[in-house]
Protein chains: 2
Amino acid sequence: MARRAVVLLSGGLDSATALAVARAEKFEPYAMSFDYGQRHRVELQRASDQARLQKAVKYITVNINLRQFGGSALTSDAAVPKDRTEGEMEAEIPITYVPARNTVFLSYALAWAEVLGALDIFIGVNAVDYSGYPDCRPEFITAYEEMANLATRAGVEGKGLTIHTPLIDLKKSEIIALGLAKGVDYSLTSSCYDPSADGGPCRRCDSCQIREKGFSDLGLQDPLVKKFEG
Amino acid sequence: MARRAVVLLSGGLDSATALAVARAEKFEPYAMSFDYGQRHRVELQRASDQARLQKAVKYITVNINLRQFGGSALTSDAAVPKDRTEGEMEAEIPITYVPARNTVFLSYALAWAEVLGALDIFIGVNAVDYSGYPDCRPEFITAYEEMANLATRAGVEGKGLTIHTPLIDLKKSEIIALGLAKGVDYSLTSSCYDPSADGGPCRRCDSCQIREKGFSDLGLQDPLVKKFEG
């Protein structure tokens, strides 16, 4: 019997790729997204699209309330920074940081995994193009896994729970190449921090710039850009 | 200036005591409860009472959706075990266990702490009368703290975040004595897994039995029992 895995799915390029890796490794994927008041609502539509396209056994969206805490451009009305250079992106933790986001997301994944009897969680974090988020670093993931193994029945019973981070050491271009090899349709993903009403990418925020460079490093055009350029 | 602390408040005896300890240690308490579909709704009323009585600077209730995962008597319609002996209580992880509950709660506390600029979180877990929950053990708390310090800006900036567990080594009677010395009104707390419609304790579930023994070890009657016995 295939093993179950909980896969965190944001609707972005990275998590769509992580889902494809989980499937390629013969896990039964249970996909989970979060509605945390993000301004870029198209993300959730794309997460749902990926769950359907990649045949998740089950897909759920959890409503959480990070917005009530304030503190980030992704959930408030502060301006998203645009046209920053790579040096500027690396210089500081960006204001688009959501407090403790991956900690909260992984905690829900852990709760669902425990109910499903799953011992595997996939998250598409990436330490190379990580835009300065502390909770995308390998040492954070390692510490989370150790904590999770003490938090749950699985840990008490001596079974090991694994947090899979198949993208953590990859450059954006390598992530894209990996996903393309597994048939991921990147035209049905969304990475932009400030998309237009129809879901089109702004092409100027940090996330759009990193994504576009990833495709161009492979000599490709982003199919999402192509779709919206007509 | 007093330091801010996030205090997890359930409406039970332990967390009311933890809040009193935080105040006694001169923290400005920011109290946080969770509506996770628990059947014992009176808990949330009591949490609100304690936040008011103990002058929390702010009190918020976060809606979370553990119920959609199933898996526990506290959020489903399975029967709450009653009249169990201490040996039976210790024998296994109880069905009243909510998956990854403290992991999820602490993750929200961490998010709020980060927004508040707080470096201190109080949680009333207890390893002595812990009813077999894996996420009440000291080694879980230690691992959580290590993870939290890697997850956040505070960690990146080298500031230490502390998870305070002032009750972790105390017997129930010692917790009660501590709280009474600090003026906690235990008639406005609720510990029962299966209270009556008016909030009265069943006096037969594990939690009621442990609580009642705590008071009786001090030669006292529980003021909550007294209130409902008339």
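Quick notes on this structure:
- Number of residues in segment B:86-113 that are modelled with pLDDT of 75 or more and over 16 Å from B:Leu8 (Cβ atoms) equals 1.
- Scope segment A:150-166; condition closer than 18 Å to B:Arg101 by Cα, over 21 Å from the mean Cα position of the chain (by Cα) and either facing chain B (nearest Cβ under 8 Å) or in a loop (DSSP other than H, G, I, E, B) (or both); matching residues: A:Leu150, A:Ala151, A:Thr152, A:Arg153, A:Gly155, A:Val156, A:Glu157
- When we screen B:Arg67, B:Arg39 for residues that are within 27 Å of B:Gln209 (Cβ to Cβ), part of a loop (DSSP other than H, G, I, E, B) and modelled with pLDDT under 95, the only hit is B:Arg39.
- A single entry from A:Glu145, A:Glu157, A:Glu139 fulfils the requirement of being of a type in the set (D, E, K, R), free of Cβ contacts under 8 Å to residues at least 24 places away in the same chain and in contact with a Ser or Thr (Cβ under 9 Å, 6 or more places away or on another chain): A:Glu145.
- Enumeration of residues in segment A:187-207 that are surrounded by 19 or more Cβ atoms within 10 Å (Cβ to Cβ), under 22 Å from A:Leu53 (Cβ atoms) and touching a Pro at 6+ places or on another chain (Cβ under 8 Å): A:Ser190, A:Ser191, A:Cys192, A:Pro195, A:Pro201
- Looking across segment B:35-64, the residues that are within 14 Å of another protein chain (Cβ to nearest Cβ) and under 21 Å from B:Pro201 (Cβ atoms) come down to B:Asp35, B:Tyr36, B:Gly37.
- Search result, residues across segment B:208-230 that are surrounded by fewer than 19 Cβ atoms within 10 Å (Cβ to Cβ) and not in a helix (DSSP H, G or I): B:Leu218, B:Gly219, B:Leu220, B:Gln221, B:Gly230
- When segment B:172-189 is filtered for residues that are more than 15 Å from B:Val21 (Cβ to Cβ) and of a type outside the set (S, T, N, Q), the ones remaining, listed by number, are B:Lys172, B:Asp185, B:Leu188.
- Long-range neighbours under 8 Å by Cβ, at least six apart or interchain, first residue within 14 Å of B:Glu229 (Cβ to Cβ) and at pLDDT below 90 within segment B:183-202, second outside any helix (DSSP H, G or I) and polar (S, T, N, Q): B:Gly199/B:Ser190
- Scanning segment B:114-138 for residues being within 12 Å of chain A (Cβ to nearest Cβ), outside any loop (DSSP other than H, G, I, E, B) and either at pLDDT 95 or above or more than 23 Å from B:Leu13 (Cα to Cα) (or both) gives a total of 4.
- Among the residues listed as A:Leu150, A:Leu178, A:Leu167, the single one being farther than 30 Å from A:Arg39 by Cβ and either of a type in the set (A, V, I, L, M) or in contact with a helix residue (DSSP H, G or I) (Cβ under 9 Å, 6 or more places away or on another chain) (or both): A:Leu150
The values are calculated or read from the model by the stated rules, or taken from the named source; none is laboratory data. The structure displayed is predicted, hence computed values, not measured ones. Cβ sites come from the backbone with ideal geometry, for glycine too, and all protein chains shown count toward neighbours.
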